[in-house]
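> Quick one: the structure is below, questions incoming.
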Amino acid sequence: MTHADTLSPDPASAHSSASPPLPLAQHVPVFERPYDWSAIDAAILQQGAVVLRALLSPGHVQQVNQESDSWLRDHQESEHPSATSDEHSDFLGRRTRRIHGLCRKLASVPALIEHPELVGWAERLLLPRAASILLNSAELIQLGPEEKAQPPHRDTEAWHRVERSTHPVMVNAIIALTPFTRENGATHVALNSYAWPEEREPLAHELVQAEMQPGDALLFRGDTIHCGGENRTALARCGLSISYCAGWLRPYENSYLNVPLEIARTLPAKVQDLLGYALEDALAVGGRRLGLYENGDPRAVLQVGKTPKPK
Ligand SMILES: O=C(O)CCC(=O)C(=O)O
């Protein structure tokens, strides 16, 4: 099965001479509260990305910012990319600080990981390709002054053998915790790029920036080409990326290691599921079970006194 069999056509090339080509969207589609989720889902599936105004309240944003500022202040030497290669460190950004393991570092984050609107959205987009969803990563991104633009990429490149299709296998929500502006590196997005051939790279005018106010969120399919922009200001641009993937994929963030079992035990049940303490059970649709603990349900390990011991 090729991409062309399954994906919407490339709007720049798919029209015959009889019908004029569709103009490329100049802006990421924007939705205000009350959200029309069927229109939002359709826009993301068809164009790749949307901006939601005011997903989080100002109070919520303030709480996350207070917690992350305090963590970053108390851990000056950590949370810089200590990536596996120079190339990867360049990709992550030499002037960018990234916090992982947020469930053990920032008290407000578990509620955001299980945010009903985000989880509902992720399930609607991902469950056509899986029996369950997982947290792919929860990452606080502080893009520092003078940071360079990231190379455009698809998050799904991580799973380079998985075919792109009508539904993605991963979705990402980047929540603005400061303004996201053209000058400070608002995320660039190539709309419709989920349907492009692998080798097609975006032209400069095909990358549109998602300008946002604190509390707004950029929601996109993980196979949409995007990148952090260049920060030409003296202040950091801060965002919280919460991404989800199909339950049969290996997530980007290793939550079993980043969130120790004794902390996982204290988290809400839905967050535990999203961290991987639930089976991916595809028996009913002709698949198998994944994520077993001692041949059974991994939830067993969450009971106090059930610390895993080698037998
Ligand atoms: O910071 C951003 O705007 C995007 C970050 C991103 O795409 C990444 O780190 O992979």
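> Within the range 22-64, restricting attention to residues that are polar (S, T, N, Q) and assigned to a loop (DSSP other than H, G, I, E, B), which residue is farthest from G120 (Cα to Cα)?
Checking each candidate, the answer is Q26.
> Quick check: anything in the range 113-122 more than 24 Å from T233 (Cβ to Cβ), out of contact with any strand residue (DSSP E or B) (no Cβ under 7 Å at 6 or more places or on another chain) and assigned to a loop (DSSP other than H, G, I, E, B)?
yes
> Which numbered condition trips up D216, out of (1) farther than 29 Å from S68 by Cα; (2) at pLDDT 95 or above?
Condition (1) is where D216 drops out.
> When the range 141-175 is examined, which residues are found to be touching a helix residue (DSSP H, G or I) at 6+ places or on another chain (Cβ under 6 Å) and more than 27 Å from L55 (Cα to Cα)?
Scanning the range 141-175 gives R164, S165.
> Could you list, ordered by first residue, the pairs with Cβ atoms under 9 Å in which the first is in the range 86-109 and within 12 Å of the ligand (Cβ to nearest atom) and the second is of a type in the set (A, V, I, L, M, F, W, C) and part of a helix (DSSP H, G or I), at least 6 apart or interchain?
R97/L72; R98/L92
> When you go through V169, V208 one by one, which is the residue that is more than 11 Å from the ligand (Cβ to nearest atom) and either within 30 Å of Y277 (Cβ to Cβ) or modelled with pLDDT under 95 (or both)?
One residue alone meets the criteria, V169.
> Looking at the range 151-163, can you tell me whether even one residue there is away from the ligand (no atom under 12 Å from the Cβ), surrounded by 22 or more Cβ atoms within 10 Å (Cβ to Cβ) and either of a type in the set (S, T, N, Q) or at pLDDT 95 or above (or both)?
The answer is no; no qualifying residue exists.
> Moving on to the next point. Pick from the range 118-150 the residues that are within 11 Å of the ligand (Cβ to nearest atom) and among the charged types (D, E, K, R): which of them is farthest from H100 (Cα to Cα)?
Among them, the one singled out is E147.
> What pairs can you find where one residue is in the range 185-196 and under 21 Å from I141 (Cβ atoms) and hydrophobic (A, V, I, L, M, F, W, C), the other is at pLDDT 95 or above and part of a helix (DSSP H, G or I), and their Cβ atoms are less than 7 Å apart, with a gap of 6+ or different chains?
Matching pairs, first to second residue: A190/E206.
The values are calculated or read from the model by the stated rules, or taken from the named source; none is laboratory data. These figures come from a predicted structure and were not determined experimentally. Don't worry about glycine lacking a Cβ; one is built from the backbone with ideal geometry, like all the others, and counts go over all protein chains shown.
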